[in-house]
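The values are calculated or read from the model by the stated rules, or taken from the named source; none is laboratory data. In this text the structure is predicted, and so the values were computed from the model without any measurement. In this analysis, Cβ positions are derived from the backbone assuming ideal geometry, glycine residues included, and neighbour counts consider all displayed protein chains.
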């Protein structure tokens with residue numbers, strides 16, 4: 001069925017179609033639509049689930065972990081400060097290997113206070129052990145959440161689905177909404193491998209000594225690395241039901257490209273238009289969208305940049321004292337097998353600055369010529385900075 | 001005891017880090033340096049009771065609805081509760097801790113209620129022996145002594161030269177003791193302890209040989225014989241409250257000055273004297289090889305600071321009225337009063353300790369009204385002792 005929906009409404013619809021059993025959340029702009037409408041849906045009895053209105057995001061994640069330990073399919077959503085407030089419980093949830101799925105609406109972190117799109121909130125949580133997926137459009141939001149449940153429950157790892165604030169959360173698009181019967185075929189009810197059970201008592205979140213700690217963490221790392229492959233398999237199965245692909249990386253016009261522009265989230269649309277525009281000028285340009293940041297899709301990056309001589313990364317985030325976080329990731333990924341590629345990292349579009357064709361083209365020209373308005377700060381070049 | 005599971009390979013590790021099996025192998029008891037001792041202590045009321053009755057125990061039984069059990073516990077220390085419930089000056093009540101919250105438990109009324117129950121109860125008795133005891137005089141001391149000897153299996157005969165049973169109690173005004181109450185109390189005592197009672201007995205104190213021929217021991221009850229009665233030659237004087245043991249065939253009980261002559265409000269003292277004398281007599285008469293039954297009584301007094309009165313709510317107004325009401329209480333009022341007892345020093349299975357133990361090492365002990373500590377796992381944190389509102393649990397250094 002075709003429907004016009006905002007990204008937040010697509011997320012709500014996906015949670016409903018996934019038949020989540022527990023929702024525990026605290027409202028925050030721009031996520032609020034998701035949790036309010038889920039409360040309505042559950043309140044009206046359209047979704048058989050427990051809705052826990054909690055006093056904080058920390059509790060939201062803690063209760064999602066508990067509900068998931070009890071064997072429930074669990075959902076929450078947050079943004080920015082709320083995600084930061086969850087930080088401790090993000091480690092806990094991933095360490096406990098419970099398949100919680102969360103939507104995060106990427107919004108700038110204070111101070112200064114800002115409600116608009118910025119990826120630092122979720123990228124600064126990349127080491128918590130969660131799977132991280134960055135959506136490109138509203139259809140991607142709906143589909144990725146359904147895929148995320150199948151992946152999370154197979155890998156026993158929590159998945160964070162990231163939506164750009166306002167560009168995705170509050171922009172309406174025409175979507176193809178799958179029917180419930182087919183979703184049920186794709187995503188059967190969650191059957192926990194191990195759960196809280198009075199008839200089989202066990203302790204979760206155990207105390208663990210040095211004897212087993214490394215082994216447990218090694219398994220977490222190994223199983224996280226395997227998720228890139230699991231996601232692509234599950235996405236292929238999703239494609240067989242719904243005829244839409246959602247791979248971990250998406251390359252565009254890359255076959256003969258010397259120059260590859262890398263980005264995440266909604267900016268990829270403007271990046272692809274930039275590729276088309278610069279191709280008209282005769283530049284051999286392609287682009288790569290990293291849909292997944294954790295696990296880092298190393299093989300996809302290697303394939304897409306096999307012929308590139310120059311890689312440009314647009315970061316809507318920063319790791320202070322270093323550079324854009326995606327640029328760091330890309331450099332680390334290329335370092336092992338490519339000594340002959342140069343990487344230029346831009347910090348652009350943070351805190352609500354639009355990333356458009358007109359803002360990206362000058363950055364590409366600056367990357368090639370070395371001359372432009374973006375100012376250097378360490379290893380990255382910053383756009384939109386006052387002179 | 002489940003043994004520790006050792007994970008040998010990565011594949012044995014559960015994906016979700018959870019426990020495998022139990023932690024029972026981990027005997028954390030050896031972390032402990034002080035140990036919770038769960039032991040009933042003497043409540044202030046019991047400490048002040050001349051007969052040492054474990055009052056919270058029988059009130060606890062009544063509170064649980066086991067009224068027959070309550071009576072049995074009471075009779076084990078006081079075979080004449082209907083009389084003490086009317087006559088005793090009840091020093092127990094002056095020490096009642098409940099006073100600090102609202103007002104004392106009406107222990108005397110509770111005794112009277114239990115005493116006046118027209119029910120027989122099963123009490124603990126030893127097997128019958130062939131040893132015979134004759135008690136001369138059926139006053140409260142003689143009856144009490146006869147009761148406990150009867151319960152210990154001796155063949156007891158109570159002889160009273162008077163035509164009326166009860167000794168010094170007989171002369172009391174009907175306002176203090178209704179005649180029917182006296183006979184009911186004595187009848188139950190005799191029935192339960194399997195005693196033979198003869199009134200109007202003709203005793204020739206000049207021919208003591210006749211008496212000693214029929215009994216291994218003869219006891220002369222000062223509360224059952226005339227005040228001017230003087231012990232015959234050959235009788236050995238014995239004060240039941242002294243440490244001395246019983247010797248000789250005829251015991252003439254000598255009471256301390258405060259108890260002679262007989263004073264009705266001191267009845268509990270005479271009952272205690274009878275019980276102490278029974279113990280001495282039993283020690284003297286007991287066939288070789290038969291163990292002395294040990295009294296199941298707490299020995300240590302409860303530390304009053306361990307009764308956490310702030311944790312007990314005040315009673316409703318109903319419990320505050322009617323305490324002066326004449327007559328015998330009905331069951332409902334008695335249950336209401338029993339529920340007010342703080343059960344000082346006496347475990348009543350409130351299970352506060354069980355709820356609060358962070359390691360679940362203190363648990364109800366099967367059928368008993370008691371909790372037991374799993375010393376293999378108790379770390380000695382002391383939370384149980386802190387949480388016990390009635391001073392039953394204390395932390396003790398067991399290393400010395």
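Here are the numbers for this structure:
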{"quantity": "Filter result (surrounded by 17 or more Cβ atoms within 10 Å (Cβ to Cβ) and free of Cβ contacts under 8 Å to residues at least 40 places away in the same chain) within segment A:256-282", "calculated": "A:272, A:275"}
{"quantity": "Residues that are in contact with a strand residue (DSSP E or B) (Cβ under 8 Å, 6 or more places away or on another chain) and in a helix (DSSP H, G or I), drawn from segment A:131-183", "calculated": "A:138, A:139, A:141, A:142, A:144, A:145, A:148, A:149, A:151, A:152, A:155"}
{"quantity": "Residue in segment B:359-380 that is within 30 Å of residue B:108 (Cβ to Cβ) and either at pLDDT 90 or above or assigned by TED's automatic domain parsing to the domain that holds residue B:102 (or both) present", "calculated": "no"}
{"quantity": "Subset of segment B:17-33 (residues that are crowded, with 17+ Cβ neighbours inside 10 Å and either touching a strand residue (DSSP E or B) at 6+ places or on another chain (Cβ under 6 Å) or in contact (Cβ under 8 Å) with a residue 60 or more places away in the chain (or both))", "calculated": "B:18, B:29, B:32"}
{"quantity": "Answer residue from segment B:230-244, given it is at pLDDT 85 or above and either in contact with a strand residue (DSSP E or B) (Cβ under 8 Å, 6 or more places away or on another chain) or part of a strand (DSSP E or B) (or both) and is surrounded by the fewest Cβ atoms within 10 Å (Cβ to Cβ) among those", "calculated": "B:237"}
{"quantity": "Complete set of residues in segment A:184-222 that are at the interface with chain B (Cβ under 7 Å from one of its Cβ atoms) and either more than 21 Å from residue A:158 (Cα to Cα) or in a loop (DSSP other than H, G, I, E, B) (or both)", "calculated": "A:193, A:194, A:202, A:203, A:206, A:208, A:212"}
{"quantity": "Lone qualifier among A:230, A:216 - being at pLDDT 95 or above, closer than 29 Å to residue A:305 by Cα and in contact with a helix residue (DSSP H, G or I) (Cβ under 9 Å, 6 or more places away or on another chain)", "calculated": "A:230"}
{"quantity": "Condition check for residue B:311: modelled with pLDDT of 90 or more, under 30 Å from residue B:125 (Cα atoms) and surrounded by fewer than 14 Cβ atoms within 10 Å (Cβ to Cβ)", "calculated": "no"}
{"quantity": "Residue check for residue B:255: within 20 Å of residue B:133 (Cβ to Cβ), at pLDDT 85 or above, out of contact with any strand residue (DSSP E or B) (no Cβ under 9 Å at 6 or more places or on another chain) and part of a loop (DSSP other than H, G, I, E, B)", "calculated": "yes"}
{"quantity": "Strands (runs of 3 or more DSSP E) completely within segment A:1-116 that count 1 or more residues being in contact with a strand residue (DSSP E or B) (Cβ under 6 Å, 6 or more places away or on another chain) and surrounded by fewer than 24 Cβ atoms within 10 Å (Cβ to Cβ)", "calculated": "A:2-6, A:22-25, A:50-53"}
{"quantity": "Which listed residue, of A:364, A:385, is surrounded by fewer than 22 Cβ atoms within 10 Å (Cβ to Cβ) and either under 21 Å from residue A:109 (Cα atoms) or in the same structural domain as residue A:260 (by TED's automatic domain parsing) (or both)", "calculated": "A:385"}
